[in-house]
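The values are calculated or read from the model by the stated rules, or taken from the named source; none is laboratory data. Computed from a prediction, not measured in an experiment: that's the story for all the values here. Neighbour counts are summed over all protein chains in view; Cβ atoms, including those assigned to glycine, are modelled from backbone coordinates with ideal geometry.
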Amino acid sequence: MGQELFTKVNKVAALCLSGGMDSTSLLLKLLKNNYEIFAISYDYGQKHKIEIQKAKKNIQYLQSKNYNINHKIINLSDCVNLLSSSITSSNIDVPEGHYEEENMKSTFVPNRNAIFSSILYGYAITLSKQFNKKIVISLGVHSGDHTIYPDCREGFYKKLFNSFTEGNWDSDKVELILPYLKLDKSQILLDAKKSCEKLNINLTTIFKNTITSYNPNKSGISSGKSGSDIERILAFNKVGLKDPIEYTESWDIVLKNAIKVEKKFKEIN
């Protein structure tokens, strides 16, 4: 793409695209708002690496609908030996239960979002020079993550991006937007539904090409029992939709279990 073509683009956004519900919904939101998209997916040795393949499938689907998305996959898989977490370590099992339970902290990957954001920020500055305009950085962090993941909180991102601003030239060309920060997963799903309607794309196809589980089986199928699964299942149920992904058990069974887990958690807390 020549310099003259870069300057013709009105709005540009860079985002981390995990292949999960939240970042996929964010991708749709940015497309709906007419952004040229530059997405990064990270291979960091996660047990649910299939999420990268899911992200690629969705991008292919969107490209078939004439939406232009630039996608890069960054290999950080050596991090698996450095960052202890149940979603990267073969010696630690991913816990089951409610997503706000104390034991879910084992799924936290130390400094993960700071690492991802740092790479994305550098990429955004590079893009700002190519396009000669401000670049929006957007992340899919949301309110459901705040209890267990301190690197999903507003204060963290304010301080992190203040540091990036201090440590870089041309930081005035980068803007951070966190549209889901105060939303839960069901609200994000409703936002994605609106985006799909405006973009004229199939919501079922989009979300079938996502995965939220941290411990899918070897075939990439979720058990429906991990904390991230429970949160996803409850979100779909709350908005009156059936999750289009395949689980190891029927939708009725995984939904019944998710409701039971949530009820028990509320009784205890």
**OP:** Within the range 86-122, work out how many residues are in contact with a Lys or Arg (Cβ under 8 Å, 6 or more places away or on another chain) and within 26 Å of Phe164 (Cβ to Cβ).
**Re:** 2
Original post:
Under 8 Å by Cβ, and 6 or more places apart or on different chains, what pairs join a residue from the range 146-170 that is closer than 20 Å to Val136 by Cβ with one that is of a type in the set (Asp, Glu)?
Top reply: Cys152/Asp145
Original post:
For Ser25, are the conditions met, namely being assigned to a helix (DSSP H, G or I), among the hydroxyl-bearing types (Ser, Thr, Tyr) and either at pLDDT 95 or above or at positive phi (or both)?
Top reply: yes
Subject >> Qualifying residues in the range 194-242 (those that are aliphatic (A, V, I, L, M) and touching a residue at least 60 places away in the same chain (Cβ under 8 Å)) - the one farthest from Leu27 (Cα to Cα) >> reply: Ile230
Original post:
When you look at Lys158, is it of a type in the set (Lys, Arg) and loosely packed, with under 15 Cβ neighbours inside 10 Å, yes or no?
Top reply: yes
Subject >> Any pair with Cβ under 7 angstrom, 6 or more apart, that starts in the range 45-63 at a residue that is more than 18 Å from Asp229 (Cβ to Cβ) and ends at one that is of a type in the set (Asp, Glu) and not in a helix (DSSP H, G or I) >> reply: Ile52/Asp43
Subject >> Pairs where the first residue, in the range 110-130, is farther than 21 Å from Gly45 by Cβ and in a helix (DSSP H, G or I) and the second is acidic (Asp, Glu) and modelled with pLDDT of 95 or more, C-beta under 8 Å, 6+ apart >> reply: Ile125/Asp170; Ser128/Asp170; Lys129/Asp170
**OP:** Filter the range 189-200 down to residues that are surrounded by fewer than 20 Cβ atoms within 10 Å (Cβ to Cβ) and aliphatic (A, V, I, L, M) and give me whichever is nearest to Lys242 (Cα to Cα).
**Re:** Leu190
Original post:
In the range 205-231, which residues are surrounded by fewer than 23 Cβ atoms within 10 Å (Cβ to Cβ), of a type in the set (Val, Ile, Thr) and over 13 Å from Lys57 (Cα atoms)?
Top reply: Ile221
Original post:
With respect to the numbered conditions (1) surrounded by 19 or more Cβ atoms within 10 Å (Cβ to Cβ); (2) assigned to a helix (DSSP H, G or I); (3) touching a Ser or Thr at 6+ places or on another chain (Cβ under 7 Å), which one is the sole condition not fulfilled by Leu62?
Top reply: (3)
Original post:
Which is farther than 23 Å from Ser143 by Cα and at pLDDT 95 or above, of Asn10, Asn34?
Top reply: Asn34
Original post:
If Ala39 satisfies every condition in (1) in contact with a strand residue (DSSP E or B) (Cβ under 8 Å, 6 or more places away or on another chain); (2) part of a helix (DSSP H, G or I); (3) buried (at least 21 other Cβ atoms within 10 Å of the Cβ) but one, which is the exception?
Top reply: (2)
Original post:
Quick one: is Lys32 touching a Lys or Arg at 6+ places or on another chain (Cβ under 7 Å), surrounded by 15 or more Cβ atoms within 10 Å (Cβ to Cβ) and under 27 Å from Gln130 (Cβ atoms)?
Top reply: yes
